[in-house]
1. What is the dipole size for the chain, taken about its Cα centre, with +1 at each Lys and Arg Cβ and -1 at each Asp and Glu Cβ, in debye to the nearest 20?
2. For segment 29-130, which trypsin sites (Lys or Arg not before Pro) are both in a DSSP coil and crowded by at most 14 other Cβ atoms within 10 Å?
3. Counting alpha carbon pairs within less than 8 Å and at least 6 residues apart, what relative contact order, in whole percent, applies to segment 294-425?
4. Find the Cα radius of gyration of segment 294-425, compare it with 2.2 N^0.38 Å by division, and give the number to two decimals.
5. For Cys35, enumerate residues with amide H under 5 Å from its amide H, sequence gap 5+ or separate chain, H modeled in the peptide plane.
6. Report, for the chain, the % of DSSP beta bridges that are antiparallel, rounded to 5.
7. Can you give me the orientation-averaged projected area of the convex hull built on the Cα atoms of the chain, in nm²?
8. Please give the calculated 222 nm ellipticity per residue for the chain, where each DSSP H segment of at least 4 residues contributes -39500 (n - 2.57) and the sum is spread over every residue; nearest 500 deg cm²/dmol?
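A short reminder: the numbers here are calculations on the coordinates, not readings from a lab. Everything numeric in this text was worked out from a predicted model, so none of it was measured. Don't worry about glycine lacking a Cβ; one is built from the backbone with ideal geometry, like all the others, and counts go over all protein chains shown.
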Amino acid sequence: MTLREMLRRGPIMAVKDFSNPYEFSARSYEWRLHCGPEAIENRLKEEVIRLGAKRAFVFCSPSIKSKTNSVERVQAALGPLFAGYFDGIHVEAPYPDVVAATEAAREAGADLLISLGAGTIVVATRVINIYLCETGDHQAMATQYPEGKPAVSPRLNAPKLPTINITTTPTGAMNRGGQGVASPHLDQNRLEYFDPKTRPAALIWDHEAIMATPLNMMRGFCINGYIGSALGAGRRSENPLVEADREHMKALHQRAYRRMHEDPNAIDWRIDLFTSALLGNRAADDSLRGAHMHNGESFESDYGLGTALHIRFPHVWQQDSGSALRATVIRQSKAPSKETLEAVARALNIWQDGRSLEQTQMAIADEVERIYRAEGMPASVRELKISKEDFPAIAQDSIKIFNSNAGLRDPENHVRGAIAMLEAAW
C-alpha cells in the first residue's frame, strides 16, 4: 500500500449531503467585544459589574506576570473587585497547573474568571471553570473514545461562572466552548472537554497587552493565517453567512500579511488577525451542524499530527508544528478538483495555464514551503528538533484529538499513516 493510499483511508462516517446552501440554520450567544487602547482600564470593570460579580480572579502564564504589567493593570482597573491571580499555567496547560489554579480560585471565592494571555490560558480557564463547578471525576468528564464508536463528550450540566477573556494573541480559542489540558500521566496525553456554558461573556482586545506579545509569535499567526486562508480558497461555503465570513477572513489575512512586512510594529494588522479569528468561529457557528468538506475541495488536514506534536513536546510551538507538516501534507494529499487547485494557486499568486493538476498541486506545496523558509519558520519535522524514535508515540497521540478524529477510528491504519506522514515530512 502506498503512502497516499494509507492516508486516504480513514474513518467511515455517514455524511449528510448539504447540497442546498440556501437552506440553513445559524446560532449565536450573547457576548460583548471591546477593542482599543486602554480597553482594560476603560471597559473591564463595567463588564464585571454588568455580570454581577464581586470577586474576579485572573489566570495567566509566568511570562505575562513577569514580563508585562497586564496583571497590575487589571488589578488597578478592578479595585476591590479584584480577588487575586494565579500565574503558574505553563504552555499547553499541564493538568497539575490547572488543578492548582482551580484550588487557588476556589480559595479566593472567585465568582468570575478572567483569562489573560494566549490560547493556553483561554482553554485552561474554561477547564478551571468546569473543575470549579462540576463534581465528577476529571477524567470521566472528559471526551471519551470508546473502541469501535465515535468520540463523545459527556454533558456537563452544572451552571458555570461568567468568564472574560483578555486575549493577547489571535487564537481561535478566544470564544469557543471546547478545551483541553496536557495530561502525559494518562494514556491519551490530553484531556478534552466541551461545555458551551464556558464561552466568554466578554472579550477584551487591549492594544497595549497585544503589543506586549513577542513579534515573532505574532508573525507566526500571521504567516500561517495567510497560508491557511489561501489553502481554503477552493472550499464551497455551506451558506451565504459562512461565505461572507470566510471571504472577509481571506481579505483580512492578505492585508495583515502585507502590513506585517510594511510596518511590523503597527497594531492594525494584529487587530485584523484577531478579527479573522473571531470570524472563523462565527463561520463555524453558522455552518450546518455535521457538514463536512465536500470531496475534492481541500487537501488533507495536518491538525491532528500538528496538535500531537506540540502537546507532546513543550518546546515545539503550535504554529511551528503546523508549518513543519503543511507542505508535505499537500504533496501527499489526494488531488483536489481543478477548481480548488486553481482557486488556491490564484490565492498564492502562482497560477499558470497549461499545468497539469499534479503539477499545480506540487507548485502549491513548493510555494508554501518557500514562504515558510523565507519567513524563517520550520518547513520540515527535522527542524523541530525531535527524534524519529518518537514517531510511534506521536502517531498514537494523534488518534484521540476530537477536532481531527471524532468519528469511527481505525487505530492501526491511523498510526501507520501518521508515521508515514512524519517520515515523509522529515
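1. Numbers: 49 positive and 52 negative charges, 49 e Å.
Roughly 240 debye, rounded to the nearest 20.
2. Numbers: sites: Arg32, Arg43, Lys45, Arg50, Lys54, Arg55, Lys65, Lys67, Arg73, Arg106, Arg126; in loops: Lys54, Arg55.
Sparse-neighbourhood loop trypsin sites (Lys or Arg not before Pro): Lys54.
3. Contact order relative to length: 32 percent.
4. Values: Rg = 15.2 Å, N = 132, 2.2 N^0.38 = 14.1 Å.
Output field value: 1.08.
5. Distant-sequence amide H within range of Cys35: Trp205.
6. Numbers: 7 of 29 bridges.
Beta bridges within the chain, antiparallel portion: roughly 25 percent.
7. Working: hull surface 80.5 nm².
Reported value for the Cα convex hull: 20.1 nm².
8. Working: 17 runs with 198 residues, N = 426.
Dividing the helical sum by the residues of the chain leaves -14500 deg cm²/dmol.
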